[in-house]
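The values are calculated or read from the model by the stated rules, or taken from the named source; none is laboratory data. All values derive from a computational prediction rather than experimental measurement. Every residue, glycine among them, receives a Cβ derived from its backbone with ideal geometry; neighbour counts consider all protein chains shown.
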Amino acid sequence: MSLLFAAGFVLVGAILTGVLLAFWNDVRDWLNNVAADTVQKYIGYNARKAMQRAVCVADRVVNKIRTRSTVFYKKDRLDTYMDKVVLEAEAPVYEFDEEVIDKIREKGSIAQEMKYCG
């Protein structure tokens with residue numbers, strides 16, 4: 001029973017994280033404008049600044065997640081094990097070409113396949 005509950009908890013957390021990442025730009029804008037105005041009205045300006053700092057930190061984490069890719073490859077066709085390489089984009093997300101961003105929005109991701117001829 002507890003194993004089933006834990007698996008359900010992990011599944012719900014993964015779904016909520018995926019939804020949050022998919023709509024992060026809208027959520028960030030709402031937090032920085034609407035929610036921050038409400039916090040300032042009832043709690044004060046210092047609370048608003050602290051909230052916007054927290055949103056900024058969360059935005060940096062999301063950008064790091066979005067600019068990291070994992071590549072698995074074999075050195076030879078007959079190898080049984082795959083090597084794992086983690087690549088990080090050099091440019092921030094806002095500096096990508098609009099054409100690339102449009103392709104990512106259409107397909108959800110971009111996969112570049114390379115063929116090894118050795």
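Computed values, structure above
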| read-out | value |
| --- | --- |
| Subset of the range 84-98 [at pLDDT 70 or above and under 11 Å from T70 (Cβ atoms)] | K84, V85, V86, L87 |
| Helices (runs of 4 or more DSSP H) contained entirely in the range 11-99, each with at least 2 residues that are in contact with a Phe, Trp or Tyr (Cβ under 8 Å, 6 or more places away or on another chain) | 45-66 |
